[in-house]
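The values are calculated or read from the model by the stated rules, or taken from the named source; none is laboratory data. Only a predicted model underlies this, so the values are computations on that prediction, with no experimental measurement involved. As a convention, Cβ positions derive from the backbone with ideal geometry for all residues, glycine included, and neighbour counts pool all protein chains shown.
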Amino acid sequence: MATLTATRPEVIRTPGRDALVARAVTKTFKSSREGVRRAVNDVSLRVMRGEIYGLLGANGSGKSTLIRMFSTLLTPDEGEVRVFGLDIRADEDAVKRLINRVSVEASFFKKLSAMENLVYAGRLYGVAPDESRAKALVILRRLGVDIDRLNEPLEKLSRGMQQKVAIARAFLTAPTLLLLDEPTTGLDIRSKREVQTFVRDLRDEHDATIVLTTHDLDEAERLSDRIGILHDGRLVAEGTADELRARHGATALEDVFMSVTGRRLDEADAVAEDKTK
């Protein structure tokens with residue numbers, strides 16, 4: 001049976017245990033509707049190698065913008081981001097070889113089958129088709145995917161199935177840093193648990209570091225070694241779930257969120273949704 005190992009670029013072995021370091025990162029957008037808006041405002045954080053770091057926040061809090069900067073899709077207006085010691089601006093190509101990203105809006109060739117999409121993605125990263133197929137089957141079985149449907153056009157698969165294929169695509173290349181941008185949004189409870197278990201197992205079994213964005217309190221606590229809470233583009237709290245509860249005299253993570261943001265998470269989501277209407 002195929003394993004999930006792969007040859008990694010030589011550049012990843014740098015001194016220290018920092019996988020990702022962001023220093024005073026800021027990103028501003030301009031629009032005719034909102035004018036100038038700071039989506040990310042002076043955020044500094046450090047993710048240790050082998051850690052699952054959860055970014056918890058309501059919709060519109062800046063989570064996805066931050067992840068896009070970490071993945072080199074956006075350039076910070078101010079501040080610095082380093083991945084295993086490499087600057088995302090000066091060493092962009094080397095950084096891209098170390099990371100992969102799963103988004104809630106994963107893009108595919110919808111007329112191709114799930115397996116054809118995975119083989120194509122593998123070839124972009126230098127993984128031979130036979131190796132891609134074998135690895136994909138291992139991953140998808142662990143995610144609870146119906147293997148008999150892998151040769152159907154992707155557009156005929158459910159939202160949950162497509163998201164699992166997106167996760168398989170990311171793990172196919174054995175990234176050293178995996179950026180998961182709300183990977184379980186829209187999934188049913190069973191699929192969500194399968195994805196969460198897979199993410200935790202892969203971190204434990206392989207030399208991978210994971211940054212996870214979510215607005216699911218249970219998911220943040222279930223998966224994350226440490227949690228950073230984002231609110232209006234700022235990092236307003238950080239620590240393990242136990243540390244956050246103790247620091248704020250709370251019995252639940254939701255109480256911590258309310259203490260540092262002034263709102264419950266569902267209320268903050270509702271406010272963000274109103275702003276988009």
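Tell me, please, whether a residue that is surrounded by fewer than 19 Cβ atoms within 10 Å (Cβ to Cβ) and not in a helix (DSSP H, G or I) can be found in the stretch 202-211.
yes
To keep it simple, each residue is scored yes or no on (1) assigned to a loop (DSSP other than H, G, I, E, B); (2) surrounded by 17 or more Cβ atoms within 10 Å (Cβ to Cβ); (3) modelled with pLDDT of 80 or more; (4) touching a His at 6+ places or on another chain (Cβ under 9 Å).
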| site | (1), (2), (3), (4) |
| --- | --- |
| SER191 | no, yes, yes, no |
| GLU219 | no, yes, yes, no |
| ILE229 | no, yes, yes, no |
| ALA246 | no, no, yes, no |
| ASP269 | no, yes, no, yes |
| GLU273 | no, no, no, no |
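Could you please tell me which pairs satisfy a Cβ distance under 6 Å, a separation of 6+ or placement on different chains, a first residue in the stretch 196-221 that is in contact (Cβ under 8 Å) with a residue 24 or more places away in the chain and under 23 Å from THR65 (Cβ atoms), and a second residue that is in a strand (DSSP E or B) and acidic (Asp, Glu)?
THR213/ASP181
Where residues in the stretch 81-102 are under 30 Å from GLY186 (Cα atoms) and among the charged types (D, E, K, R), which of them is surrounded by the fewest Cβ atoms within 10 Å (Cβ to Cβ)?
The selected residue is LYS96.
Within the stretch 130-185, track down each residue that is out of contact with any helix residue (DSSP H, G or I) (no Cβ under 8 Å at 6 or more places or on another chain), without any contact (Cβ under 8 Å) to a residue 60 or more places away in the chain and outside any helix (DSSP H, G or I).
Passing the criteria: PRO153, SER158.
Out of the residues in the stretch 103-122 meeting the condition of being under 16 Å from the mean Cα position of the chain (by Cα) and among the polar types (S, T, N, Q), tell me which one is surrounded by the most Cβ atoms within 10 Å (Cβ to Cβ). I'd like the intermediate steps shown before the answer.
Step one: list which residues in the stretch 103-122 are under 16 Å from the mean Cα position of the chain (by Cα), which gives 103-107.
From what's left, among the polar types (S, T, N, Q): 103, 107.
Values: SER103: 21, SER107: 8.
My answer is SER103.
Yes/no per residue for (1) modelled with pLDDT of 95 or more; (2) assigned to a loop (DSSP other than H, G, I, E, B); (3) hydroxyl-bearing (Ser, Thr, Tyr):
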site	(1), (2), (3)
LEU45	yes, no, no
ALA58	no, yes, no
GLU80	yes, no, no
ASP93	no, no, no
GLU105	no, yes, no
ALA121	no, no, no
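Only one residue in PHE198, PHE257 is at pLDDT 85 or above, touching a helix residue (DSSP H, G or I) at 6+ places or on another chain (Cβ under 9 Å) and of a type in the set (Phe, Trp, Tyr), so which one is that? Before the answer, list the steps.
Working: PHE198 fails: at pLDDT 85 or above.
Of the residues listed, the single one that is at pLDDT 85 or above, touching a helix residue (DSSP H, G or I) at 6+ places or on another chain (Cβ under 9 Å) and of a type in the set (Phe, Trp, Tyr) is PHE257.
How many residues does the stretch 77-102 contain that are at negative phi, under 18 Å from the mean Cα position of the chain (by Cα) and not basic (Lys, Arg)? Spell out how you get there, then give the answer.
As a first pass, look at the stretch 77-102 and keep what is at negative phi: 77-78, 80-83, 86-102.
Checking the rest, the ones that are also under 18 Å from the mean Cα position of the chain (by Cα) come to 81-83, 88, 95-102.
With not basic (Lys, Arg) added as a condition, the list becomes 81, 83, 88, 95, 98-100, 102.
Looking only at that region, the number is 8.
Find all pairs meeting these conditions: Cβ atoms under 8 angstrom apart; at least six residues apart or on different chains; first residue within the stretch 226-247 and in contact (Cβ under 8 Å) with a residue 40 or more places away in the chain and over 17 Å from ARG38 (Cα atoms); second residue surrounded by fewer than 21 Cβ atoms within 10 Å (Cβ to Cβ) and among the β-branched types (Val, Ile, Thr).
ARG226/THR240; ILE227/THR240
Of all the residues that make up the stretch 26-66, how many are aromatic (Phe, Trp, Tyr) and touching a residue at least 60 places away in the same chain (Cβ under 8 Å)?
Our first condition is that a residue be aromatic (Phe, Trp, Tyr); within the stretch 26-66, this holds for 29, 53.
Retained after the next criterion (residues that are touching a residue at least 60 places away in the same chain (Cβ under 8 Å)): 53.
The total comes to 1.
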